[in-house]
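Q: Sharing a structure with you now.
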Amino acid sequence: MKFFYNAPILLLLAAYLAGCTVKPPQSASATSPLLPSGTKHIVRLDIDQPHVPLKQWKADGSHIASVKGKLLLDNQPVVNGILHITNSSNQVVTGRDGSFRLNIDQSLLSDIKVNVASLDQATVSGKHLTEVMSKELQAASAAVSVYYPIRVIRVEDFPADASKVQVHGQIIPAKGDVVSYFQVDKYRMGGVIKDADGKPVEHAVVWFDRDLGEGFGKSTPTDREGRYSIYYWPEDEETNLSVTLGTKRYTLPKGKVFKMPENTSVEIDITLPRTGTVLVDAPPALVSVTSAGAMYTGVLVGLNVPKDVPYSVSIPDKHGSFILTVSKKVWEQEPAFFETTASKFVEGRLYGGDTLPPNYIEAVEEDPKNIKPFM
Amino acid sequence: MKKTRIKIGIAILSTSLALSACSTSTDKNANKTEPAPAPNPSESTPTPAEPGKVTGTSFKNFGTYGFDLKNTRHVPYKEVTAENVKDLGMIWSADLKALDKDVKNGNQCYPVVVDGVVYITTAGNQVFAFDAVTGGPIWHWKPSAEQAANFSKAGIIANRGVAVGEGKVFMLTVDNQIVSLDQKTGKLVKMVPISDSVKGVTLENGYYETTAPVYYKGNIYIGSSGGDNGIRGFVNAYKASDLTPAWDTPFWTVPPKGQDWLANSKFQGGGAVWNPPAIDEETGIMYFAVGNPAPNFYGESRPGDNPYTDSVVAVNASTGKLIWAKQEISHDLWDYDAAASPMILNATVKGKKQKIVVQGGKSGQWFAWDAKTGKVVWDGIPFAKIDHPKPTPEGVTVYPGVLGGENYAPETYDPKTNYVLIPGIEQGALLKSAKNQDEASTPDAPGAAAFGTTTLAAQNDVAFGTITAMDVNTGKKAYQVKTKDPMRGGFTSTVAGLAFYGELDGKINALDIKSGKVIWTFQTTGNSVQAAPAIFTVDDKQYITFTTGGVTPQVFVFGLGGDKTQGKAGTAEDTNAHQKK
């Protein structure tokens, strides 16, 4: 797992770059480049507020924060540098003082990276950059993270294993804010699609829709075992059930609808007909049973450590409190936390405070993952 | 800390139980799925034009969804007048299924015409480019059969048209992809999933796209469909050059689940943006209309006004930053989206010239705000029957029903009379609310993005339509004309004082805007008109083009001296919830 460091970034370049070809600056004589090669350039890509506490969505738009930063080379502003922001092609151009601004949605967990994209029009002290300078600047990056601050309340020895500690932590939302922690979000309609010979069918898609209302459900394509899933919100309802395979669409007999059971996941196994596109609506061609489990979605915390470092953590309860169990040795290295909005199918039932299996969740690229807790 | 694993018992539901409840389907989708009668290509397929060459040398365009970026839909072409409108006839038509058998039934496309080429889309996301004068097909693009099969069952498979800019034609697909095509050849330049830039925007999550994009200053602007499916609505901007995002963050129309007015809700918030924005090129401000909150008819879990649902929102078009937002219906319980595109007018208001933004809602009320400040100018002037008690579990009949009011059909503005013409629908609905949040979703499902309830047509209620001329100066109705069927397509007006519009029985009409009299009507061979015309000129001759839907989707071009042979009346096809916005 990668570690990401926040601004300011200092790149101290060694003398090995001194041998590189130096492009003469257009406005200076060929023999006197902007800065003598062989010296160490100091590149700074600074973000004024690299850590932004998550602030809830507001109708007045105040959750969109404007974050300032600066791009400097040897303490001089880089003017007209073009920066790239993760997930956006909007060009952010540095101003006369090397400063720039970007808009951050403070209501969503995020880790937004800033890189130098182009220096074609850039100048420092009114002069164009040498290739060496450009290379050094383009190696710079910074990040802005939006997350709930984490507090460590206490750390105690783990009773069952003296090599481990239990860390009692808490997610701290802003006053009055409600956090949607990991909890049941949807049920699963799943099952197996087979052909008339009983062999699993790959790449089929199952659909539910209703004549009244616009709602619909679409499955993942069936895998090699013929398995599909729809994460759906079943009601006591009559739905049109169909299966698409390539350009073919299989439907229930005319006038028939599938009566969806309520408040439960369900397995619906379907055998496609040998000929035609009308599904046989009786066993064994169509078998429907309720099944356990649900899709859980919500905020979880984890430890930003390599994958092979074991630890376990509980689902934050309604107060945001969680317990982390990890080896003393790892904890003493002061690892950072990450926060993520996770979605997982869970066979049983889980509640706030329940411990998740070891290394159950991983941060994805856009998650904030360099969260240093406060005590 | 506790470790809990409660097993859900696995109950075997015999298929006899699961399917014994099978009942007769309402079959309301029949017109969407039954094969069309075999068309005769020789009757409907014009001679192909040579690619890259079009008829004519001088062109006046209808280059974007609303004619101009302000969406005024008012063209300066005056060849067709009240005196000669009777001489309008069909110059050409094309049966789209004859051109491609995979074209889906129904059509809600608003044509765009650029330099003698008519660009239209079909239900199921095919794109056609025709020579505007001869009807010769120039190019045709269709998604792969696998892709089309993949989205053929999504809630609404209608498409409202294209944007044209930078030598490309842009369209959004049902399965949430942005498509750019070469304007000359129709070859695919790029197809990019919106989910690459806005996480989770997939059919599997209930998102889909019906709206036409709009091109402005290097960007295309898109909304999102699926509000009734429990999505979180948004607007976003993309670079036309490479389809990468142009804003730092999308503009979300409702909070994330679990925040603000969704703090204690088990549901996502809805807030689809069904139709294209209006953009003021002088100020760079963009205005868009936002749909209803979810769940539609149950509001206990979403306290307060539910911003920005049922609202018109003004943002900076280059950054997406909020400028102002005004709500039409607070805490909506009746599915009263602000669905149609807003329109920017330089109008006379209370005796003075003022730049305003106007929008008619599904609520049956018409609004106007100062374009710069959002200050209210006209506040919810009724143009339809309004009687909507709070929905109960037993059911209440409400007016307007879930189709509006004013649905997706756009208004037009005639500066000469200072009238806005509003396309209205008069049709009630019987609404039943959920008894509680758990019924609206499922117990223990705090995040379910359910739609919760069903709608039924009001009993003994005959739907019809209206054309309301709203005097922008006084905020009073100048007149209201009753139409046989609900007004679903909207208007396009001309400087000659005519407004053209289609009807659900396949007629195309011209209204004298000042008098409110229908002065020309023509029964096309199309089943149903569900979008407004585009009006343009080639070599100074004026043409009117529009699409028709039903089981034989077609595109027509009319002009003076065209063929006056009329068709048989089509059947209004409008009751299906899948066609509703």
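Nothing in this text is a laboratory measurement; each read-out follows from the coordinates by a stated rule. None of the values given here were measured: they were computed from a predicted structure. Note that we place each Cβ from the backbone using ideal geometry, even for glycine, and neighbour counts take in every protein chain shown.
Q: Checking the cross-link filter: which aspartates and glutamates have an alpha carbon closer than 16 Å to that of B:LYS239, excluding same-chain neighbours under 8 positions apart?
A: The qualifying aspartates and glutamates are B:GLU166, B:ASP182, B:ASP196, B:ASP248.
Q: Let me ask another. Which whole number gives the average, over all residues in A:246-259, of C-beta atoms from other chains lying within 10 Å of the residue C-beta? Show your work: numbers first, answer last.
A: Values: counts 4, 8, 2, 4, 0, 2, 3, 2, 4, 6, 6, 7, 4, 8.
Mean shielding by partner chains, rounded to a whole number: 4.
Q: Let me ask something else about it. So, by mean Cβ neighbours within 10 angstrom, what's the order for A:286-297, A:189-200 with the highest one leading?
A: On the way: A:286-297: 20.8, A:189-200: 16.9.
Top to bottom by mean Cβ count within 10 Å: A:286-297, A:189-200.
Q: Here is a further query. Among the listed pairs B:LYS385/B:LYS484; A:LYS344/B:LYS199; B:LYS104/B:LYS184, which are separated by more than 21 Å between their Cα atoms? Write out the running numbers ahead of the final one.
A: Values: B:LYS385/B:LYS484 16 Å; A:LYS344/B:LYS199 16 Å; B:LYS104/B:LYS184 25 Å.
In this structure, B:LYS104/B:LYS184 exceed 21 Å between Cα atoms.
Q: By a straight-distance test (C-alpha under 25 Å), which lysines pair with A:LYS164 as possible cross-link partners, with residues fewer than eight away in the same chain excluded?
A: A:LYS164 reaches A:LYS2, A:LYS307, A:LYS328, A:LYS329, A:LYS369, A:LYS372, B:LYS2, B:LYS3.
Q: What list of ³J(HN,Hα) values in whole Hz, one per residue of segment B:391-399 in order, does the Karplus curve 6.51 cos²θ - 1.76 cosθ + 1.60 (θ = phi - 60°) give from phi, with Gly and Pro shown as x?
A: Rounded to whole hertz, the list is x, 10, x, 6, x, 9, 8, 10, 10.
Q: Taking the convex hull of the alpha carbon atoms in segment B:144-215, what volume per residue do you get, in Å³? Can you show the working numbers first?
A: Values: hull volume 6.5 nm³, N = 72.
Dividing the Cα hull volume of segment B:144-215 by its residues yields 91 Å³.
Q: Something else about it: For segment A:213-300, what is the charge dipole size about the Cα centre, in debye to the nearest 20, if Lys and Arg each add +1 at the Cβ and Asp and Glu each add -1 at the Cβ?
A: Working: 9 positive and 11 negative charges, 109 e Å.
Charge dipole of segment A:213-300: 520 debye, to the nearest 20.
Q: If you don't mind, another one. So if I restrict to the alpha-carbon atoms in segment B:236-328, what is the Rg, and what is Dmax, the biggest pairwise distance, in Å?
A: 14.3, 45
Q: Additional query: Percent relative contact order of segment A:76-137, based on C-alpha pairs within less than 8 angstrom and at least six residues apart?
A: 39
Q: Still on this structure, please answer the following. Distances over 17 Å make up what percent of all Cα-Cα pairs in segment A:309-366?
A: Everything past 17 Å amounts to 44 percent.
Q: Could I ask something else about it? How big is the Kirkwood radius of segment B:167-307, worked out from every pair of different alpha carbons and given in Å to one decimal?
A: 15.7
Q: Can you tell me the alpha carbon radius of gyration of chain A divided by the globular rule-of-thumb value 2.2 N^0.38 Å?
A: Details: Rg = 27.9 Å, N = 375, 2.2 N^0.38 = 20.9 Å.
Computed over Cα atoms of chain A, the ratio equals 1.33.
Q: Please list, in order along segment A:278-294, the HN-Hα scalar couplings obtained from phi with the Karplus expression 6.51 cos²θ - 1.76 cosθ + 1.60 (θ = phi - 60°), rounded to whole Hz, x for Gly and Pro.
A: Here the 3J(HN,Hα) series is 9, 6, 7, 9, 8, x, x, 6, 9, 10, 10, 9, 6, 9, 7, x, 7 Hz.
Q: Taking beta carbons within 10 Å but only from partner chains, what does the mean come to for residues A:49-62?
A: Numbers: counts 0, 0, 0, 0, 0, 1, 1, 7, 12, 5, 13, 4, 10, 1.
Average neighbour count from other chains, rounded to a whole number: 4.
Q: Kirkwood Rh over alpha-carbon pairs of segment A:81-169, then Stokes-Einstein at 25 °C and 0.890 mPa s: what D in µm² s⁻¹, rounded to an integer?
A: Values: Rh = 16.5 Å.
For these conditions, the coefficient is 149 µm²/s.
Q: Exposure proxy check: B:SER433, A:SER125, B:SER515, B:SER493 ranked by fewest other beta carbons within 10 Å? The partial results should precede the final answer.
A: Details: B:SER433 23, A:SER125 12, B:SER515 15, B:SER493 30.
Fewest-to-most ranking of B:SER433, A:SER125, B:SER515, B:SER493: A:SER125, B:SER515, B:SER433, B:SER493.
Q: Could I ask something else about it? With a ≥ b ≥ c taken as the square roots of the eigenvalues of the C-alpha gyration tensor of segment B:238-286, please select rounded if a/c is under 1.5 and otherwise prolate if a/b is larger than b/c or oblate if it is not? Could the numbers behind the result be given before it?
A: Working: a/c = 2.71, a/b = 1.98, b/c = 1.37.
Since a/c reaches 1.5 and a/b is larger than b/c, the shape of segment B:238-286 is classed as prolate.
Q: Turning to a different aspect of this structure: With unit charges on the beta carbons (Lys and Arg positive, Asp and Glu negative) and the dipole taken about the Cα centre of segment A:43-88, which residue among A:ALA65, A:ILE85, A:VAL43 sits farthest to the positive side?
A: Looking along the dipole axis, the top candidate is A:ALA65.
Q: Do any of B:LYS352/B:LYS390; B:LYS190/B:LYS257; A:LYS68/B:LYS375; A:LYS199/A:LYS259 go past 30 Å between their Cα atoms, and which? Each step should come with its number before you reach the end.
A: On the way: B:LYS352/B:LYS390 39 Å; B:LYS190/B:LYS257 33 Å; A:LYS68/B:LYS375 32 Å; A:LYS199/A:LYS259 26 Å.
Listed pairs above 30 Å: B:LYS352/B:LYS390; B:LYS190/B:LYS257; A:LYS68/B:LYS375.
Q: Over chain A, calculate the relative contact order: mean separation of alpha carbon pairs under 8 Å at least 6 apart, over the residue count, as a percent. Walk me through the numbers on the way to the answer.
A: Details: 924 pairs, mean separation 57.4, N = 375.
Value for chain A: 15 percent.
Q: If you average the sequence gap of Cα pairs under 8 Å that are 6 or more apart and divide by the length of segment B:116-237, what percent do you get for the contact order? Walk me through the numbers before you get to the answer.
A: Working: 262 pairs, mean separation 22.8, N = 122.
About 19 percent, as a whole number.
Q: Moving on to the next point. What average count of beta carbons from other chains do you get within 10 Å of the Cβ of residues in B:240-252?
A: Numbers: counts 0, 1, 1, 1, 4, 5, 4, 4, 15, 15, 2, 3, 6.
That works out to 5 on average.
Q: Which of rounded, prolate or oblate describes segment A:85-227 when judged by the alpha-carbon gyration tensor and an a/c cut-off of 1.5?
A: Values: a/c = 2.30, a/b = 1.44, b/c = 1.60.
Since a/c reaches 1.5 but b/c is at least a/b, the shape of segment A:85-227 is classed as oblate.
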